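The structure appears below as structure tokens.
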Amino acid sequence: MENSVAYEKATELRLGLPGIDEPAVLSSVKNNKRPLHDEKSGENGKSGQNERAPPSKAQIVGWPPVQSYRKNNFQQAKKSESECGGIYVKVSMDGAPYLRKIDLKVYKGYPELLQVLENMFKFTIGEYSEREGYKGSDYEPTYEDKDGDWMLVGDVPWEMFITSCKRLRIMKGSEARGLSCSGV
Amino acid sequence: MQKKTAYSFPDEILEHVFSFIQSGKDRNAASVVCKSWYEIERWCRRKIFVGNCYAVSPTMVIRRFPDIRSIELKGKPHFADFNLVPDGWGGYVLPWISEMAGAYPWLEEIRLKRMVVTDESLELVAKSFTNLQVLVLFSCEGFSTDGLAAIAASCKNLTELDLRDSEVDDLSGHWLNHFPDTYTSLVSLNISCLGSDDVSFSALERLVGRCPNLRRLLLNREVPLDKIANLLSRAPQLIEFGTGTYAAELRSDVYSNLAEAFCNCKDLKCLSGFWDAVPAYLPVIYSVCSRLTSLNLSYAPIQNPDLTKLVSQCPSLQRMWVLDYIEDSGLEVLASSCKDLQELRVFPSDPFGEEPNVSLTEKGLVAVSSGCPKLHSVLYFCRQMSNEALVTIAQNCPNFTRFRLCLLDPKIADYRTLQPLDVGFGAIVEHCKDLRRLSLSGLLTDRVFEYIGMHAKKLEMLSVAFAGESDLALHHVLSGCESLRKLEIMNCPFGDKALLANAAKLETMRSLWMSSCSVSLGACKMLGQKMPRLNIEVMDEKGPPDSRAESDPVDKLYIYRSVAGPRFDMPPFVWTMDEDFASELS
């Protein structure tokens, strides 16, 4: 009977740690609530399957059932997420009822970032020009910098952008156009 | 309106009688007695609890209950706490706030759990509900301190603001300044989740100083220890206090100020916070310890002997939350000192470590179960367990209402006999007849589910991971647990047969979550066709379900009853298996 075979398998004596022969399920993480233990495995921003590299077990998403703010508590480093190598910023879009969060360090430049934003919120960004900002669309990607000013995404060199960007907002309509005329 | 006879009560009398019925369940029961009771009851219901915000629409609630003053809403499934629910899943409160803004201008209390709350929602709350007294955002996210500023500025009657465990975008500590100088009604403030380096401390001090009714104050980690004394001296009437970071260089002036401040808080009964705690400053709270009924040290890295010494000074404890640094020895002391203990939670200090870093085993829990006759609620993380220990615990504590055991290594067997832990958990459900909530872990076969189905008749919530071998397991639970409301399952090898055989049961429950199990797409579609009053939501971030075979298991499944039909705010990775979906693809 199939039940007894499964039963025997589950209870067979072994020297290894139990639970290994079940596939360890790792979600391809778009989930921004990244437990800080990721920094131990040395790869931040990399999503997808971890190989079950011995000797440490693969981490299973959702196990053990400890909330993120408890897990994060024991990092000796400062709580801010930049300590684990990523630059996380919140992204909002006018009219969308939810915020997303992205890691700016993952992207190599503006084209990649804009593509991701387009996919994330299902809209198109217009053509960028230094003089006129984004043309051809109702939406403009903007960001708040360290000084609290709202700037147009793309106006400053990429490296400067990722270190000064605090959060992103995809503005809609006339408010957006107002920014593009301001210049840097 | 019913024709009045000499033998029926006037409506006003019935309404007066109903005003004594506070519980939602009782009110629901009264409302189905007859049509006139339904009518009278719905006009005078003031408080409503919606356990799943998608089970009903705001329009329907407003239509039935025209004059609500207090609402509680819950959004995401519980496993969202452990990162199993991706961002963007749902649980938005804005549609509710928008509709209630017009319908319930006198709303006084809003309590939300696991919902997405935007600044826009908070601004709308601030604008629409001038009488708001209570705002509780429990494990919510999506808002920033800008939204809080709007609340502070407008809600003149606010008594309680509780942001417990929420994820808040800290843009500026200055939101506290938005409480006007004339505002003095604060009774309860919980900002422990805020992370900003810039909580405006002076604004906080002034706020605390001018609110004489403040009884509960939970600070965030960033408030330094040397500021606490000053704060406490402005609020000696506090009953519950949560410190900020509890570490600082040892200085005698800071020390004595703190000790004096705590000593002057004669009503203080609950303490929490203690982030980064160092032993040097622990004795300042000794004067309070004998009165403490609740102590939360679950963020404190203090170890034995300091930790045990502290605990031994608190004989009145009813609730204790602590890290596993307490160890078996500390729990034995707890068991002998704290005879009023009702709730114990022991959290892991190193959840991902492979080797135990502390000496905390099943022995600690056995000791507490033996020494504390009032113990009824347990959450315990440890690395080893035996059936014998569980049986002892069950016999010691037949009054358990909540028993959650988490063995850090999934599928670990009884360490003494190498048997599954079926018998041990079986004893728990057999002896604890009032058990309402149970979380299983360790090596478990179908047998434990047979015991649960047989005995756990009052069980309302069951959490299962890495357990069972066949659909029989799920069938036992669905067919046996009469009171079951919430079932959440991860990484178990069963699904289809049990679900389809017990489809009707699912309509009697609030929700079912199954992730990384063996539920096929085909079964989901069948359920969707058969059960129109259930929302069958399949979640898969890798791609649409129709790109796979019918027999392929779905990644995540969330089933809940609803009178509102399928929802329309689903993200791209969630599909509803309703009748349309099923027929479209076949």
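The values are calculated or read from the model by the stated rules, or taken from the named source; none is laboratory data. Computed from a predicted model, the values in this text were never measured in an experiment. Neighbour counts run over all protein chains shown; Cβ positions are idealised from the backbone, glycine included. Just the protein is used for accessible areas: all its heavy atoms, side chains included, with ligands, DNA and RNA removed. Shrake-Rupley method; radii C 1.70, N 1.55, O 1.52, S 1.80 Å.
Return the residues of the stretch B:539-559 that are touching a helix residue (DSSP H, G or I) at 6+ places or on another chain (Cβ under 7 Å) and within 19 Å of B:ALA504 (Cα to Cα); say none if nothing qualifies.
Filtering the stretch B:539-559 for residues touching a helix residue (DSSP H, G or I) at 6+ places or on another chain (Cβ under 7 Å) gives B:545-546, B:548, B:550-552, B:554, B:557, B:559.
Passing the criteria: B:LEU557, B:ILE559.
Under the condition of being within 19 Å of B:GLU123 (Cα to Cα) and facing chain A (nearest Cβ under 8 Å), which residue from the stretch B:75-94 is nearest to the chain's Cα centre (by Cα)?
At the first step, the residues of the stretch B:75-94 found to be within 19 Å of B:GLU123 (Cα to Cα) are B:91-94.
From the residues that got through so far, the ones that are facing chain A (nearest Cβ under 8 Å) too are B:92, B:94.
Values: B:TYR92: 18, B:LEU94: 21 Å.
Taking the candidates together, the pick is B:TYR92.
If only one of B:GLU99, B:GLU108, B:GLU72, B:GLU123 is acidic (Asp, Glu) and under 21 Å from the mean Cα position of the chain (by Cα), which one is it? Steps first, answer last, please.
Numbers: B:GLU99 fails: under 21 Å from the mean Cα position of the chain (by Cα); B:GLU108 fails: under 21 Å from the mean Cα position of the chain (by Cα); B:GLU123 fails: under 21 Å from the mean Cα position of the chain (by Cα).
Every option except B:GLU72 fails the conditions.
Given the conditions (1) away from every other protein chain (no Cβ under 12 Å); (2) touching a helix residue (DSSP H, G or I) at 6+ places or on another chain (Cβ under 8 Å), report the number of the one that B:PHE494 does not fulfil.
Checking B:PHE494 against (1) away from every other protein chain (no Cβ under 12 Å); (2) touching a helix residue (DSSP H, G or I) at 6+ places or on another chain (Cβ under 8 Å), the one that fails is (1).
Answer yes if at least one residue in the stretch B:507-523 is more than 23 Å from B:LEU84 (Cβ to Cβ), away from chain A (no Cβ under 14 Å) and polar (S, T, N, Q), and no otherwise.
Yes: one or more hits.
Report, by residue number, each residue of the stretch B:274-285 that is touching a strand residue (DSSP E or B) at 6+ places or on another chain (Cβ under 7 Å) and either among the acidic types (Asp, Glu) or open to solvent by 30 Å² or more (accessible area, probe 1.4 Å) (or both). Quick ask: steps written out before the conclusion?
Residues of the stretch B:274-285 that are touching a strand residue (DSSP E or B) at 6+ places or on another chain (Cβ under 7 Å), as a first pass: B:275-276, B:285.
Within the stretch B:274-285, B:ASP276 is the sole residue that qualifies.
Open to solvent by less than 50 Å² (accessible area, probe 1.4 Å), within 14 Å of chain A (Cβ to nearest Cβ) and among the polar types (S, T, N, Q), is that true of B:SER200?
Values: open to solvent by less than 50 Å² (accessible area, probe 1.4 Å): yes; within 14 Å of chain A (Cβ to nearest Cβ): no; among the polar types (S, T, N, Q): yes.
Against the criterion (open to solvent by less than 50 Å² (accessible area, probe 1.4 Å), within 14 Å of chain A (Cβ to nearest Cβ) and among the polar types (S, T, N, Q)), B:SER200 does not qualify.
Given the residues B:PRO544, B:PRO572, B:PRO566, which is the only one that is in contact with a Lys or Arg (Cβ under 9 Å, 6 or more places away or on another chain), open to solvent by 20 Å² or more (accessible area, probe 1.4 Å), without any contact (Cβ under 8 Å) to a residue 40 or more places away in the chain and closer than 26 Å to A:PHE121 by Cβ?
Details: B:PRO544 fails: in contact with a Lys or Arg (Cβ under 9 Å, 6 or more places away or on another chain); B:PRO566 fails: in contact with a Lys or Arg (Cβ under 9 Å, 6 or more places away or on another chain).
Only one candidate passes the filter, namely B:PRO572.
Restricting attention to the stretch A:151-164, which residues are surrounded by 15 or more Cβ atoms within 10 Å (Cβ to Cβ) and not in a helix (DSSP H, G or I)?
A:MET151, A:LEU152, A:VAL153, A:GLY154, A:ASP155, A:VAL156
Between B:ALA261, B:ALA248, which is in contact (Cβ under 8 Å) with a residue 24 or more places away in the chain, open to solvent by less than 50 Å² (accessible area, probe 1.4 Å) and part of a helix (DSSP H, G or I)?
Matching residue, one of B:ALA261, B:ALA248: B:ALA261.
For A:CYS84, work out the one condition from (1) touching a helix residue (DSSP H, G or I) at 6+ places or on another chain (Cβ under 6 Å); (2) at pLDDT below 80; (3) within 10 Å of chain B (Cβ to nearest Cβ); (4) open to solvent by less than 30 Å² (accessible area, probe 1.4 Å) it doesn't fulfil.
Looking at each condition in turn, A:CYS84 falls short on (3).
Filter the stretch B:547-562 down to the residues that are small (Gly, Ala, Ser) and open to solvent by less than 40 Å² (accessible area, probe 1.4 Å) and list them by number.
Our first condition is that a residue be small (Gly, Ala, Ser); within the stretch B:547-562, this holds for B:547, B:549, B:551, B:562.
Hit for the stretch B:547-562 is B:SER562, nothing else.
Among (1) of a type outside the set (Ser, Thr, Tyr); (2) in contact (Cβ under 8 Å) with a residue 60 or more places away in the chain; (3) open to solvent by 30 Å² or more (accessible area, probe 1.4 Å); (4) in a loop (DSSP other than H, G, I, E, B), where does B:MET60 come up short?
That leaves (4) as the condition not met.
Which residue, of B:LEU207, B:LEU217, B:LEU225, B:LEU148, is more than 22 Å from B:GLN133 (Cβ to Cβ), away from chain A (no Cβ under 14 Å) and either open to solvent by 10 Å² or more (accessible area, probe 1.4 Å) or in contact with a helix residue (DSSP H, G or I) (Cβ under 9 Å, 6 or more places away or on another chain) (or both)? Don't jump to the end; show me each part of the working.
On the way: B:LEU207 fails: more than 22 Å from B:GLN133 (Cβ to Cβ); B:LEU217 fails: more than 22 Å from B:GLN133 (Cβ to Cβ); B:LEU148 fails: more than 22 Å from B:GLN133 (Cβ to Cβ).
That would be B:LEU225, the only listed residue that is more than 22 Å from B:GLN133 (Cβ to Cβ), away from chain A (no Cβ under 14 Å) and either open to solvent by 10 Å² or more (accessible area, probe 1.4 Å) or in contact with a helix residue (DSSP H, G or I) (Cβ under 9 Å, 6 or more places away or on another chain) (or both).
Which condition from (1) within 14 Å of chain A (Cβ to nearest Cβ); (2) buried (at least 20 other Cβ atoms within 10 Å of the Cβ) is the one that B:PHE400 breaks?
Only one criterion is unmet by B:PHE400, namely (1).
Looking at the stretch B:264-282, is at least one residue on the phi > 0 side of the Ramachandran plot, within 14 Å of chain A (Cβ to nearest Cβ), in contact with a Ser or Thr (Cβ under 9 Å, 6 or more places away or on another chain) and of a type in the set (Gly, Ala, Ser)?
As a first pass, look at the stretch B:264-282 and keep what is on the phi > 0 side of the Ramachandran plot: B:273-274, B:276.
Checking the rest, the ones that are also within 14 Å of chain A (Cβ to nearest Cβ) come to B:273-274, B:276.
Narrowing further to those that are in contact with a Ser or Thr (Cβ under 9 Å, 6 or more places away or on another chain): B:273-274, B:276.
Now restrict to residues that are of a type in the set (Gly, Ala, Ser): B:273.
For the stretch B:264-282, residues on the phi > 0 side of the Ramachandran plot, within 14 Å of chain A (Cβ to nearest Cβ), in contact with a Ser or Thr (Cβ under 9 Å, 6 or more places away or on another chain) and of a type in the set (Gly, Ala, Ser): present.
Looking at the stretch B:403-417, which of its residues are surrounded by fewer than 19 Cβ atoms within 10 Å (Cβ to Cβ) and not aromatic (Phe, Trp, Tyr)? Write out each step before concluding.
Here is the first cut: in the stretch B:403-417, the residues surrounded by fewer than 19 Cβ atoms within 10 Å (Cβ to Cβ) are B:404, B:415-417.
Listed by number, the residues that qualify are B:ARG404, B:ARG416, B:THR417.
Does B:LEU408 count as touching a residue at least 40 places away in the same chain (Cβ under 8 Å) and either under 22 Å from the mean Cα position of the chain (by Cα) or away from chain A (no Cβ under 11 Å) (or both)?
Yes: the conditions hold for B:LEU408.
Would you confirm whether or not the stretch B:221-241 contains a residue that is of a type in the set (Asp, Glu), at pLDDT 95 or above and in a loop (DSSP other than H, G, I, E, B)?
Step one: list which residues in the stretch B:221-241 are of a type in the set (Asp, Glu), which gives B:222, B:226, B:240.
Within this subset, residues satisfying the condition of being at pLDDT 95 or above are B:240.
If we keep only those that are in a loop (DSSP other than H, G, I, E, B) too, we end up with none.
Checking the stretch B:221-241: not a single residue is of a type in the set (Asp, Glu), at pLDDT 95 or above and in a loop (DSSP other than H, G, I, E, B).
Quick one: which residue in B:LEU161, B:LEU194, B:LEU186 is touching a residue at least 24 places away in the same chain (Cβ under 8 Å), within 12 Å of chain A (Cβ to nearest Cβ) and of a type in the set (A, V, I, L, M)?
Values: B:LEU161 fails: within 12 Å of chain A (Cβ to nearest Cβ); B:LEU186 fails: within 12 Å of chain A (Cβ to nearest Cβ).
On inspection, the qualifying residue turns out to be B:LEU194.
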